[in-house]
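Here is the structure we will look at, set down as structure tokens.
The values are calculated or read from the model by the stated rules, or taken from the named source; none is laboratory data. In this text, all values refer to a predicted model and were calculated from it rather than measured experimentally. Cβ atoms come from the backbone with ideal geometry, glycine included; neighbour counts cover every protein chain shown.
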Amino acid sequence: MVDIVNLKADLILADFSFRIGNDSDPANWAEAPAPSSVHHRYSEGISGADRITFIWPDEVILSQWLEIRIHPGVDSGFLLEERFYFGNAVGETGDGSFALVNATDLSRIRSNLIGVFNTPAEVSSLFDINHDGWVNAQDYLITRSNPTSVVNDSDLELIQPDP
């Protein structure tokens, strides 16, 4: 999702471009597959901004970064290109300065289990890995099935894109 304030017109898919990769040089990333749907929700973003929601099929963009570019123009109201980055490390619970999926994530999920007799997990829960509203064995198994390591270069590399 991307929130945009003061849009001048409806944006279409051609107003955006998408790239994916997992290194510190986004200029070399591959073109991402096109989203399967794009939704424009008027005034539903933060502070009344228009919210643009992009949806890709499950598991199309895993363990890498997605760069979303909004092209300048009359419709977007931007004079310069805008870029946003979203990282995906399946099972990572935000436990440090590295995007590693390891025993720490498993422990954090185990410590935050939410059963059927509890209030469902918040949509922003770091531990509801599959976003089904519960923190349970499914989240634990997904995390256990996606371990990463800096040793074998399977982690999501943190990036510092140029401004």
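Results, tabulated for the structure shown:
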read-out: Among the candidates Arg51, Arg69, Arg19, Arg110, residue that is in the same structural domain as Ile129 (by TED's automatic domain parsing) and of a type outside the set (Val, Ile, Thr); value: Arg110
read-out: Condition check for Asp75: in contact with a helix residue (DSSP H, G or I) (Cβ under 9 Å, 6 or more places away or on another chain), at negative phi, at pLDDT 90 or above and in a loop (DSSP other than H, G, I, E, B); value: no
read-out: The range 13-29, residues that are more than 26 Å from Asn130 (Cα to Cα) and either assigned to a helix (DSSP H, G or I) or free of Cβ contacts under 8 Å to residues at least 60 places away in the same chain (or both); value: Leu13, Ala14, Asp15, Phe16, Ser17, Asp25, Pro26, Ala27, Asn28, Trp29
read-out: Residues that are in contact with a helix residue (DSSP H, G or I) (Cβ under 8 Å, 6 or more places away or on another chain), surrounded by 12 or more Cβ atoms within 10 Å (Cβ to Cβ) and modelled with pLDDT under 90, drawn from the range 1-40; value: Asp3, Val38
read-out: Filter result (among the charged types (D, E, K, R), at pLDDT 90 or above and closer than 28 Å to Ile20 by Cα) within the range 86-111; value: Glu92, Asp105
read-out: Residue under evaluation Asp105, criteria (1) touching a Gly at 6+ places or on another chain (Cβ under 9 Å); (2) part of a loop (DSSP other than H, G, I, E, B), criterion not met; value: (2)
read-out: Every residue from the range 41-72 that is exposed (fewer than 15 other Cβ atoms within 10 Å of the Cβ) and either touching a Gly at 6+ places or on another chain (Cβ under 6 Å) or not in a strand (DSSP E or B) (or both); value: Tyr42, Ser43, Glu44, Ile46, Ser47, Gly48, Pro57, Asp58, Glu59, Val60, Leu62, Pro72
read-out: Within the range 112-163, considering residues that are in contact (Cβ under 8 Å) with a residue 12 or more places away in the chain and not in a loop (DSSP other than H, G, I, E, B), the one nearest to Gly21 (Cα to Cα); value: Leu156
